[in-house]
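Note sheet for the following structure.
The values are calculated or read from the model by the stated rules, or taken from the named source; none is laboratory data. Remember, it's a predicted structure, so these values are computed and weren't measured experimentally. No Cβ is skipped: glycine too gets one built from the backbone with ideal geometry, and neighbour counts run over all protein chains shown.
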Amino acid sequence: MQITTVVLIALALSAIAFQMGKYRSVATVGGRDRMRHLHSLPGYYGYYAAIWCGAPALLLLGVWAIFAEPIIISAVTDSLSDEVRALPDAQLSLVLNDIKNLATGNIVGRAVDPVMQTAADLYNALQARYRWILGASILVAGLAGLIVAWVRINPALRARNRVETVIKFLLIGSSTIAIFTTVGILLSVLFEAIRFFQLVPVSEFLFGTTWSPQTAIRADQVGSSGAFGAVPLFAGTLLISFIAMVVAVPVGLMTAIYLSEYASPRTRAWVKPVLEVLAGIPTVVYGYFAALTVAPILRGFGGSIGLDVASESALGAGLVMGIMIIPFVSSLSDDVINAVPQAMRDGSYGLGATQSETVKRVVLPAALPGIVGGVLLAASRAIGETMIVVMAAGLAANLTANPFEAVTTVTVQMVTLLVGDQEFDSAKTLAAFALGLMLFVVTLILNVVALKVVRKYREQYE
Amino acid sequence: MSDPVHNQNAVTPNTIRHTRERVEASLKRRYSSEKRFRVYGLLAVLLGLSFLAFFFLSIIHNGYTAFQQSFIYLEIEFAEQELDPDGSRDLDTLSRADYGAIVRNSLRALFPEVTKRRDRRALNKILSTGASFQLRDMVMSDPELIGTTVSIWLPADDEVDMLIKGNVDRSIEERSRRLKDNQIAWVDVLVEQGRVEKRFNTTFFTSGDSREPELAGIWSATVGSFFMLLVTLVLAFPIGVAAAVYLEEFASQSKWVDLIEVNINNLAAVPSIVFGLLGLAVFINFFGLPRSAPLVGGLVLSLMTLPVIIIAGRAAIKSVPPSIREAALGLGASQVQMVFHHVLPLAMPGMLTGAIIGMARALGESAPLLMIGMVAFIVDVPSGPMDPSTALPVQVYLWADSPERAFVEKTSAAILVLLAFLLIMNAGAILLRKRFERRW
């Protein structure tokens, strides 16, 4: 039977258990008119029975999902001849892949011989057998659970409390998924990065100035000079992020100040949402716009005044990235500026200050921690941005501070290394994970620092 | 100190006049500084608005032509000796017949003076390669067409399409152009004869990706995006709501809960490409899920959307006043009953708004999808979340790399479609918020 059938059977069993639990609870007190003698509503007894029936089924499904495939694969491997089993890992997995493809009816890479056909048939037979075992065991476990629940249901059973405890466990489990995600990110990136650092020393990675991630597929291949010094990447990232911040911070801050201090409520009511549209545009669209429209304009403009602006200059990517970050800085600053109490402003006006002097000398210093936090968050966003730089910045690592030259960044290299053609455990592909680790650590530090700065220096007004 | 005339700090009519003069002297400078500051603020706002206008104008200008496709009117003779020589009407024979030949015959009938082989090949390139497939589909669905002559509009090649839309610069020398002089001359003749027309480009909305620009469409990418968003919604919304409920209602202040909160806030700020790395290492390599499937894309995007939904959910739950909670508890409800019967329904509009905004963000993400392999060239429309597919923003990325001139307008048009979807989703979220949110 198919796996969806098994899942449907498990769900149906739970539904039946629910109904039976309800019925049983009413039956134990002798009818619906004596329901007040029950501890909880009949529905809770139904849920109690459904949990007893469904939880073992879920457990069995999980065990099957994790263990069935490896067991079947090892059984099929044992059935192959000795010489096939002695093949190196990569070849063996190719053979197994072909067998799996043949079994499921996909296209096979090599000619089909009787040995492979028998192996594929064995694979299919084992899959079917384990599915039947799963289905039968779910039925048995479900029935057993139902019987246990049936026996336990009596008017004094605190079904609502039991069910609510299960619900609370589910809620706690959902919250810990966030922790699992962080742990998963850390482990997956760390694991592969450590494998990379076994091939390339950490000092060369962090301090080397040549980035040329080539590794040979064969021993005698030309172009196998692998230099994995990431300093040009860090320099490129910093250059483009710096240009972006130079654009975004003044414009975003002045926008926030104008909208909160000078603009009439009507203007503010429509300008704010329109500027939020800037935040909603997907970054791939920004990248396309930067590559198609902004870069040629810059190049033409530079050419007309005698500068040599590359078509993938850091300036183009940085400008568009800055514009993307403007609403971010603007809305964060707006929140903090509005949180400064009106009393401070009134005091300043009362002493005769103009509006701009109030802003510059009273409001901004009061809102400064929040603004700094917002700027740090925006910087972290700029450093981690991928699509704009993939489409508008270059691919060749270039250690320079000239914004008119083409540079590449950490995120661009991550994309090109992993969308490329090398096998998964060569130094070239693993370098992407090392870069990912650096990116994750740097953005994490920026976010934590931003949070701490805001919390430590924030003034608590009444 | 007691001498009023010589004491600087004494308040006398003299010193008052002196102070006032000083203040009035500086007023002009201060007022002009104020005006400048105000102008700077206005300039900043105008800069943002004008960029937005420039951006939209540029994309629309580049993309609006993609909604039309050039068609050429030809008389096609479905000659029996070309398609079905033994008259069996066998579907297998019909499907393998050379439909390009009947197209070529029709073109040759229009331009009998073209004899040299190279010229004939150039003439045949005026029509799209999809024309022969269109004729094949017509014959397969209605074999009675064989032996008749039908006049139909067939799609033109993308270079001819560009010429009709005015995007080909005829003044460049022939060697640097894709369209040669003789091809341009033939197309001009066809235009004069009224055989060329621009019609609404349904192929763009109904077909999948293709190497030929005139046959490329966004439908497979749209369906892939839809499946991905479905998986994201089904996974992220319940888990996010459950986590928000736990953190707001049930969690006591402890180090464990602080850790969870810090984690969630950090995850909301992690770059999206790192989630792609997580998906690659865990979902594809460790769990062995199929690459390029919307299921994996949905899993990765749901991990990205989860912090957004949790934070929005917490804000929504916090806004429900304590009086509602206390009233429910006072009437004898347990805490779980109070949360699920009273607090959650009242907080639901805010949670839905946050979920829709999170979905809109997920729709526009492409960096993590590149990592998990949804960047392949997929032609067929996916029929489920396990079929290989691509997503709309990734389709934009792929087309942006293609060299044909016609792909520029296709990419811009795809961007317009994507922006339209995002606009609808965000507008829906705002409408939802306006209609259902209660101010306590």
Exercise for the section: Please state which one of B:VAL339, B:VAL308, B:VAL274 is in contact with a Phe, Trp or Tyr (Cβ under 6 Å, 6 or more places away or on another chain) and closer than 30 Å to A:LEU451 by Cβ. Expected result: B:VAL274
Exercise for the section: Kindly provide the set of residues from the stretch A:18-34 that are in contact with a Gly (Cβ under 7 Å, 6 or more places away or on another chain) and surrounded by 16 or more Cβ atoms within 10 Å (Cβ to Cβ), ordered by number. Expected result: A:PHE18, A:GLY21, A:LYS22
Handout entry: All helices (runs of 4 or more DSSP H) inside the stretch B:203-318 with 3 or more residues being crowded, with 22+ Cβ neighbours inside 10 Å and more than 9 Å from chain A (Cβ to nearest Cβ)
Key = B:219-245
Completion exercise
The helices (runs of 4 or more DSSP H) lying entirely within the stretch A:42-128 that contain at least 2 residues which are touching a Ser or Thr at 6+ places or on another chain (Cβ under 9 Å), among the aliphatic types (A, V, I, L, M) and modelled with pLDDT of 85 or more are A:42-79
Fill in the blank from the handout: Matching residues in the stretch A:1-25 (polar (S, T, N, Q) and either free of Cβ contacts under 8 Å to residues at least 24 places away in the same chain or more than 24 Å from A:SER40 (Cα to Cα) (or both)) number 3
Completion exercise
Filtering the stretch B:52-79 down to residues that are crowded, with 17+ Cβ neighbours inside 10 Å and under 21 Å from A:PRO327 (Cβ atoms) yields B:PHE55, B:ILE59
Practice task
Looking only at the stretch B:58-75, decide whether some residue is within 18 Å of A:ALA256 (Cβ to Cβ) and at the interface with chain A (Cβ under 10 Å from one of its Cβ atoms).
Solution key: no
Handout entry: Residues (more than 20 Å from B:VAL223 (Cβ to Cβ) and buried (at least 19 other Cβ atoms within 10 Å of the Cβ)) located in the stretch B:405-425
Key = B:ALA406, B:PHE407, B:VAL408, B:GLU409, B:SER412
Problem - Total residues in the stretch B:349-371, condition within 21 Å of B:GLU437 (Cα to Cα) and either among the hydroxyl-bearing types (Ser, Thr, Tyr) or free of Cβ contacts under 8 Å to residues at least 40 places away in the same chain (or both) - result: 1
Handout entry: Residue check for B:MET359: part of a helix (DSSP H, G or I) and either out of contact with any Lys or Arg (no Cβ under 7 Å at 6 or more places or on another chain) or surrounded by fewer than 21 Cβ atoms within 10 Å (Cβ to Cβ) (or both)
Key = yes
Problem - B:SER132 vs. criteria assigned to a helix (DSSP H, G or I), touching a strand residue (DSSP E or B) at 6+ places or on another chain (Cβ under 6 Å) and among the hydroxyl-bearing types (Ser, Thr, Tyr) - result: no
Practice task
State yes or no: is A:VAL251 among the β-branched types (Val, Ile, Thr), assigned to a helix (DSSP H, G or I), at the interface with chain B (Cβ under 10 Å from one of its Cβ atoms) and surrounded by 20 or more Cβ atoms within 10 Å (Cβ to Cβ)?
Solution key: yes
Handout entry: Residue in the stretch B:377-390 that is aliphatic (A, V, I, L, M), within 12 Å of chain A (Cβ to nearest Cβ) and within 23 Å of B:PRO271 (Cβ to Cβ) present
Key = no
Fill in the blank from the handout: If you go through A:ALA396, A:ALA367, the only one that is aliphatic (A, V, I, L, M) and in contact (Cβ under 8 Å) with a residue 24 or more places away in the chain is A:ALA367
Exercise for the section: Just need a number here: residues in the stretch B:150-177 that are surrounded by 14 or more Cβ atoms within 10 Å (Cβ to Cβ), over 30 Å from the mean Cα position of the chain (by Cα) and touching a residue at least 24 places away in the same chain (Cβ under 8 Å). Expected result: 2
Fill in the blank from the handout: B:SER323 passes all but one of the listed conditions (1) polar (S, T, N, Q); (2) under 30 Å from A:VAL415 (Cβ atoms); (3) outside any loop (DSSP other than H, G, I, E, B); the exception is number (2)
Handout entry: Top-ranked residue in the stretch A:260-282 [being at the interface with another protein chain (Cβ under 7 Å from one of its Cβ atoms) and assigned to a helix (DSSP H, G or I); ranked as surrounded by the most Cβ atoms within 10 Å (Cβ to Cβ)]
Key = A:LEU275
Exercise for the section: Of the conditions (1) surrounded by 13 or more Cβ atoms within 10 Å (Cβ to Cβ); (2) more than 25 Å from the chain's Cα centre (by Cα), B:GLY48 clears all except one; give me its number. Expected result: (2)
Exercise for the section: For A:SER203, indicate whether it is under 22 Å from B:VAL262 (Cβ atoms) and either touching a Pro at 6+ places or on another chain (Cβ under 7 Å) or at pLDDT below 90 (or both). Expected result: no
Exercise for the section: Return a yes/no flag: does the stretch A:83-93 have any residue that is of a type in the set (S, T, N, Q) and in contact (Cβ under 8 Å) with a residue 12 or more places away in the chain. Expected result: no
